[in-house]
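Q: Quick one: this structure, given as structure tokens, is what I'll be asking you about.
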Amino acid sequence: MSELKIAPALEAEHQTHTYHKTYFGFWTYLMTDLVLFAALFATYAVLRDNTWGGPTAGEIFSMPFVLTETMLLLTSSFTVGLAMLAIRSSKRALAFTWFIITFLLGAGFLGMELYEFNKLANEGLAWHANAFMSSFFTLVGTHGAHIAVGLLWMIVMMVKLVKDGITANNTRRLTLLSLFWHFLDIVWIFIFTFVYLMGAASV
Amino acid sequence: MSKSHTSAEHEHQVTHGSYVSYITGFVLSIVLTLVAYFSVVNDWLIGWSVLLFVTALAIMQLLVQLLFFLHLSQEKRPRFNLMTFGYAAMVVVIIVIGSLWIMYNMRYNMVHEMTPEELERTIIEDEGIKYLENDQTGKHSH
């Protein structure tokens, strides 16, 4: 808890330049990830009516359940932003608290998603049931895998934050983590809209 | 190269928000999500207008989060982040719209769902070759 460790991050100019490049590099990765999701969205849109006699999208989802999931992830995207504000004003304890809340919201979201997957599989609607379920599990599961990676990353960063404090390296990594987390929330908006809402509307 | 403005310079290079921007973004996102949700659950609209309405709300929420959570509008020139986003968005639209367009037209090839008579009738009706055939019957003998 020394003064040095809590000192404002990123003072040297070379660090600023590296930071800027890293930010852009990570942003570019996120954009390529967006293209990956686009391919999965297109696959889902094409295959969603191929239920092979099974139930359609409008019949298998519980809408209040999905709305709760969405609110959890949306709130976690907000709290990760508040955590970064605390980091920038060098408030370590506050930042840590917001990150823990973000982690719990994210874990809650992932838990609900796994519960839904398990429920569908038990009803005989696993990924191999028909083309609709295959594309559904691939799209939503890929998003869930990203969330799981984000949660692991968050655990690692919490340990680093406790050990080293708000250093230049930690600030940079946490900025990228928050960027990743906001990105996953944006992808979820489209899953919520195109998979669940349009499924319920039976368009 | 130690300059007093280095810290201020950094503030401008990597964009970040304030409590006001995060709270604004959060409230707008919740409102947009709830409007989309209840429009579907309570059947405010029917048919294809539902698709257009919820898609418009999703795009509005995308813009809200890009502005208030990712602070894309605060980026200094040259706006490389915005450019890569624009390019990615273009690729996304081409992949999604393009796939749907192609697969919609490929339904002729879904012969397993139609009897040969149904398939022939569909092709004749959609391509308008019925009239051509009638006009040309027997007129091409040499």
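Q: Can you pull the one-decimal nm distance between simple spin-label points at A:E59 and B:W101, each 7 Å off the Cα toward Cβ?
A: According to this spin-label approximation, the distance is 3.4 nm.
Q: Next up: Could you give the size of the charge dipole of chain A about its Cα centre, using +1 on the Cβ of each K and R and -1 on the Cβ of each D and E, expressed in debye and rounded to the nearest 20? Please list the in-between numbers first.
A: On the way: 11 positive and 12 negative charges, 135 e Å.
Its charge dipole is roughly 640 debye.
Q: Let me make sure I get this right: for segment A:13-114, a, b and c are the square roots of the gyration tensor eigenvalues over alpha carbons, sorted descending. Under 1.5 in a/c it's rounded, otherwise prolate if a/b > b/c, else oblate. Which is it?
A: oblate
Q: Just to verify a number: FRET efficiency for A:K160 and B:Y19, C-beta to C-beta distance, R0 = 35 Å, to 0.05?
A: That pair, A:K160 with B:Y19, gives E of 0.90.
Q: Shifting gears a bit: Does segment B:38-125 classify as rounded, prolate or oblate by the C-alpha gyration tensor (a ≥ b ≥ c root eigenvalues; a/c under 1.5 gives rounded; else a/b over b/c gives prolate, otherwise oblate)?
A: Since a/c reaches 1.5 but b/c is at least a/b, the shape of segment B:38-125 is classed as oblate.
Q: Using the Karplus equation 6.51 cos²θ - 1.76 cosθ + 1.60 (θ = phi - 60°), what ³J(HN,Hα) coupling, rounded to whole Hz, does each residue of segment A:177-185 give in order, writing x for Gly and Pro?
A: Rounded to whole hertz, the list is 4, 5, 4, 4, 5, 4, 4, 5, 5.
Q: Which of the pairs A:K21/A:K160; A:K91/A:K119; A:K119/A:K163 have their Cα atoms more than 31 Å apart in this structure?
A: In this structure, A:K91/A:K119; A:K119/A:K163 exceed 31 Å between Cα atoms.
Q: Per DSSP H run of at least 4 residues, take -39500 (n - 2.57); add these up for chain A, divide by its residues and hand me the 222 nm value, nearest 500 deg cm²/dmol.
A: -27500 deg cm²/dmol
Q: Lys/Arg Cβ at +1, Asp/Glu Cβ at -1, dipole of chain A taken about the Cα centre: which of A:T142, A:I100, A:G111 is farthest positive-ward?
A: A:I100
Laboratory data are not the source of any read-out in this text; all were calculated from the coordinates shown. Everything numeric in this text was worked out from a predicted model, so none of it was measured. Using ideal geometry, Cβ is built from the backbone for each residue, glycine included, and neighbour counts are taken over all protein chains shown.
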